[in-house]
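The values are calculated or read from the model by the stated rules, or taken from the named source; none is laboratory data. All values derive from a computational prediction rather than experimental measurement. Positions of Cβ are generated from backbone atoms using ideal geometry, with glycine treated the same way; all protein chains shown enter the neighbour counts. These area figures cover heavy atoms from the full protein model, side chains too; ligands, DNA and RNA do not enter into them. Shrake-Rupley method; radii C 1.70, N 1.55, O 1.52, S 1.80 Å.
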Amino acid sequence: MSLYDFDSILNPKAQQQKKPSWKVHAYFLDACNCDWGCPCQFNANPTHGNCEGIAGYHIITGNYGTNVKLDGLNMALIASWPGPLHEGRGKASYYIDNRADERQFEALSNIITGRAGGGPFAVYASIIEEIQEPKKASVMFQTKDIRSRVSVSRTSEDKKRRIRGVQSKNIIAEAWLEPIRNPVTGKAHRAIIEIPEGFESSRMDQASMKTLVANDGYLSFRYEGTYGSFSENTWKGP
């Protein structure tokens, strides 16, 4: 056993201290099967007893360690819980922008799975028990406030077809926000959730779902008119 390994046993914090620091300034699209507002945001039970959804991230600026830049890259996750999130037993699939080089892929994989420590991702990791290891995919993020959209597909060619409005079997996840509509007037109804100590975001613009679909061979669901939100955040770790 090396001195390095021996030190790690005597000092459990030694390994954590070896983790590179990271920081991202990102747009965050969150969508699930709960009603508008999502009771999970307030530590309440999911609307229908379970929770499944998609989260998309567009990194405006970011770094991992001192020499891995993450600017402009996207990532996404599909997740499902059989009951309240705090009870755990979650499942998740992770997808990393196929424009990322190998160092960027490793960095984003460590961040989104929570292995890098810090941010909301470490919290997710504590309640997710079964995962599909991160995969490269064409991850598209269109930033349009409460009309934003994230789409995950298997090829870059499929991304081009999707932008042109052509349906494709290669789409494995999509979350497309639209405004909440007043049921009487039909006008867009603007709402904001503010949670000063929120681990995901302190301020989230509320939306409805035009499309929420996942079908990656591990997790599968489809919803419309459910909860969605859009926010801009800065996260860091470990």
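Restricting attention to the range 33-87, the residues being hydroxyl-bearing (Ser, Thr, Tyr) and touching a Lys or Arg at 6+ places or on another chain (Cβ under 6 Å) number 1.
Please find, within the range 216-236, the residue that is surrounded by the most Cβ atoms within 10 Å (Cβ to Cβ) out of those that are in a strand (DSSP E or B) and in contact with a Lys or Arg (Cβ under 8 Å, 6 or more places away or on another chain). So, considering only residues that are in a strand (DSSP E or B) and in contact with a Lys or Arg (Cβ under 8 Å, 6 or more places away or on another chain), the one surrounded by the most Cβ atoms within 10 Å (Cβ to Cβ) is Trp235.
Can you tell me which residue within the range 188-201, out of those that are surrounded by 10 or more Cβ atoms within 10 Å (Cβ to Cβ) and farther than 21 Å from Arg149 by Cα, is nearest to the chain's Cα centre (by Cα)?
The first filter runs over the range 188-201 and keeps only residues surrounded by 10 or more Cβ atoms within 10 Å (Cβ to Cβ), leaving 188-193, 195, 198-201.
Within this subset, residues satisfying the condition of being farther than 21 Å from Arg149 by Cα are 195, 198-199.
Working: Ile195: 18, Gly198: 15, Phe199: 13 Å.
Only one residue tops the list, namely Phe199.
When each of Gly83, Gly72, Gly117 is tested for being touching a residue at least 60 places away in the same chain (Cβ under 8 Å) and either among the basic types (Lys, Arg) or not in a strand (DSSP E or B) (or both), the lone residue that passes is Gly117.
Residues that are touching a strand residue (DSSP E or B) at 6+ places or on another chain (Cβ under 7 Å), open to solvent by less than 20 Å² (accessible area, probe 1.4 Å) and without any contact (Cβ under 8 Å) to a residue 60 or more places away in the chain within the range 26-54 comprise just one, Cys51.
For Thr61, the stated conditions do not hold, so it cannot be described as of a type in the set (Val, Ile, Thr) and assigned to a loop (DSSP other than H, G, I, E, B). Checked against (1) among the hydroxyl-bearing types (Ser, Thr, Tyr); (2) surrounded by fewer than 20 Cβ atoms within 10 Å (Cβ to Cβ); (3) over 17 Å from Glu200 (Cβ atoms), Ser126 passes all but condition (3).
Looking only at residues that are more than 22 Å from Ala76 (Cα to Cα), open to solvent by 70 Å² or more (accessible area, probe 1.4 Å) and part of a loop (DSSP other than H, G, I, E, B) in the range 141-187, which one is modelled with the lowest pLDDT?
First, the residues of the range 141-187 that are more than 22 Å from Ala76 (Cα to Cα): 180-187.
Subset that is open to solvent by 70 Å² or more (accessible area, probe 1.4 Å): 181, 183-185, 187.
Now drop any that are not part of a loop (DSSP other than H, G, I, E, B), which leaves 183-185, 187.
Details: Pro183: 85, Val184: 89, Thr185: 89, Lys187: 90.
So, considering only residues that are more than 22 Å from Ala76 (Cα to Cα), open to solvent by 70 Å² or more (accessible area, probe 1.4 Å) and part of a loop (DSSP other than H, G, I, E, B), the one modelled with the lowest pLDDT is Pro183.
Looking across the range 88-102, the residues that are touching a residue at least 24 places away in the same chain (Cβ under 8 Å) and either of a type in the set (Ser, Thr, Tyr) or not in a loop (DSSP other than H, G, I, E, B) (or both) come down to Gly90, Lys91, Ala92, Ser93, Tyr94, Tyr95, Ile96, Asp97.
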